[in-house]
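Everything on this sheet refers to the single structure shown next.
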């Protein structure tokens with residue numbers, strides 16, 4: 001039953017978000033695997049539209065915050081406000097108290113404000129003035145960021161990058177896709193015409209089914225070999241963390257679930273590895289001088305690992 005709903009979700013999203021089926025699949029994988037998504041691309045390619053469509057299709061509550069240099073942590077996690085009528089402080093929820101949070105242009109705000117999301121993304125809770133508040137389930141952050149060469153950007157610290165399950169790029173559409181998209185917009189906002197096909201409870205049930213997808217020991221060792229190679233590679237000053245291995249395993253499970261299988265194949269790992277690992281890797285000084293690309297290095301390393309036969 002839930003797989004049919006998943007396919008219906010995918011079809012409904014692609015009906016309004018034209019020509020980017022692969023991006024849709026990766027976003028759904030992150031949702032199913034209880035992960036978060038970093039969308040890095042130039043302005044105007046549909047990052048915000050995709051998030052709003054996903055919220056409408058899944059029936060998840062939606063919160064949005066536009067990050068600017070003067071955005072404060074309290075704007076995200078909430079704050080205590082003094083009530084003059086009763087003389088007491090009362091908690092006021094921040095925008096994070098939604099199932100789906102869109103952090104627009106996250107790298108335009110200061111590192112202090114960026115770090116306000118760390119506890120929410122890692123533990124599903126926020127702490128305000130010594131009190132802990134649980135976030136709604138499911139919970140997912142979809143953050144957008146402009147390329148770092150753009151003016152007024154602050155690079156995300158490694159600890160923050162490591163909290164995102166995947167980094168995705170939407171890219172420009174083809175000529176045909178762009179014309180179809182323009183035609184759709186002229187008929188009305190895409191996120192206002194999509195149907196809601198499931199509930200938050202359905203998403204939670206799908207997430208539980210994903211956890212039952214089997215990962216054989218050979219496949220887990222295959223993933224571990226990829227992780228170890230990133231740590232041994234001299235062109236990386238920072239390799240993949242243990243959290244990266246867990247994220248890779250969860251994403252591979254969700255990919256297998258999306259394909260309708262009850263076990264993970266090496267192909268599932270290959271399908272998600274680049275998106276899960278590349279943003280967690282930091283190039284060495286020499287590699288930066290030579291203008292190496294972390295994603296290309298990672299891809300070449302993956303090709304050297306012996307694929308297990310199941």
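Things worth noting here:
- Average silhouette area of region 8-90, convex hull of alpha-carbon atoms, in square nanometres: 8.1 nm²
- Relative packing of 12-22, 161-171, which averages over residues the other C-beta atoms within 10 Å, highest first: 161-171, 12-22
- Computed log10 I(q)/I(0) for region 72-120 at 0.19, 0.26 Å⁻¹: -0.66, -0.98, from the Debye equation with unit scatterers placed on every C-alpha and solvent omitted.
- Kirkwood-Stokes translational diffusion coefficient of region 28-68, alpha-carbon pairs, 25 °C, 0.890 mPa s, µm²/s: 211 µm²/s
- Note on region 101-258: Rg/Rh from Cα positions, Kirkwood definition for Rh, rounded to two decimals, is 1.00.
- Under Stokes-Einstein, with the Kirkwood radius over Cα pairs as Rh, the value for region 16-162 at 4 °C and 1.567 mPa s is 80 µm²/s.
- Semi-axes of the equivalent ellipsoid of region 212-304 are 26, 12, 10 Å, computed as sqrt(5λ) over the eigenvalues of the C-alpha gyration tensor in descending order.
- Relative packing of peptides 91-101, 127-137 - highest average C-beta neighbours within 10 Å first: 91-101, 127-137
- Report summary: the helix-based calculation at 222 nm, which adds -39500 (n - 2.57) for every DSSP H run with n ≥ 4 and divides by the residues of the chain, gives -14000 deg cm²/dmol.
Every number in this text was worked out from the coordinates using simple rules, so none of it is lab data. Bear in mind the structure is a predicted one, so any value in this text is a computation, not a measurement. Ideal geometry is used to build each Cβ from the backbone, glycine not excepted, and the neighbour counts take in all protein chains shown.
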